[in-house]
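Notes for the one structure printed next.
Any read-out appearing in this document is the output of simple, stated calculations on the displayed coordinates, not a laboratory observation. These numbers come from a predicted model, not from an experiment. For neighbour counting, all protein chains shown are included, and Cβ atoms are generated from backbone atoms with ideal geometry for every residue, glycine included.
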Amino acid sequence: MNRPVKITGAGTAMLLMLFFILCLTVLCALGLLSASADLRLARTYAASVQTYYEADEQASRVLRALLRAELENPPETIEGTKVSITQKNGRYLARYLCAAGEHQALYVEIVLDGAGNYRTQAWRLESTLEYSVDEHINVWRGEGAMEP
């Protein structure tokens, strides 16, 4: 009697190979997507750092001009930047904003004594986006009540 020969290992090996190739393809695609997202994030971060340092440079130029300026009769704009100067107790408080991107500005607040000395009170990034706070709370006033 002749027995039929069963080959069961070849189909299993083929299925395992297909599964392995599918897994490698998915992992490669995920790696490429992750690398692309990291590149976009790095470019966005580099652009934000560049705009910050440009604003910092502008603020430093304004500060140098303020140190040379006549503070009793201050100009309204220095280096193209609007400057607010107030005097109190023989000292001058200068405030100005330098644009640092689309929705941020570098806020600078400097105390000057008029003799070339200064003290930095604020040198920080601030958001220039407008926002409003909704403080209205709907309170249930009983069954069928529709009052605000």
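As a calculated quantity, the FRET efficiency between GLU130 and LEU30 at R0 = 30 Å, using C-beta atoms, amounts to about 0.15. Here's how it looks for ALA99: its modeled amide H is under 5 Å from those of LEU106, which are all 5 or more places away or on a different chain.
Let me have the 222 nm mean residue ellipticity of the chain computed from DSSP H runs of 4+ only, each contributing -39500 (n - 2.57), with the sum over all residues rounded to the nearest 500. Display every interim value, and only then the final one.
Values: 1 runs with 60 residues, N = 148.
Rounded to the nearest 500, the figure is -15500 deg cm²/dmol.
Computed over the chain with a Gaussian network model linking Cα atoms closer than 10 Å, the most mobile of LEU71, LEU125, LEU22 is LEU22. The Cα atoms of the chain cover 119, 61, 22 Å along the three principal axes, with the biggest extent listed first.
Remark: relative contact order (the chain) = 14 percent; criterion is Cα-Cα distance under 8 angstrom and separation of 6 or more residues.
The phi-based Karplus calculation (6.51 cos²θ - 1.76 cosθ + 1.60; θ = phi - 60°) puts the 3J(HN,Hα) values of segment 124-129 at 9, 7, 9, 6, 9, 6 Hz, whole numbers, x for Gly and Pro.
Any chance you could run the full-extension gain for ASN89 through LEU22? It's 0.36 nm times the residue separation minus the Cα-Cα distance, nm to one decimal. This chain segment gains 16.5 nm when fully extended. Taking the C-alpha atoms only, the angle from helix 9-68 to the longest principal axis of the chain is near 10 degrees. Taking amide H atoms as placed 1.01 Å from N in the peptide plane, the amide H of THR128 lies under 5 Å from those of GLN104, ALA105, each 5 or more residues away in sequence or on another chain.
Summary of the geometry: segment 89-132 and segment 1-80, compared by the centres of their Cα atoms, lie 32 Å apart.
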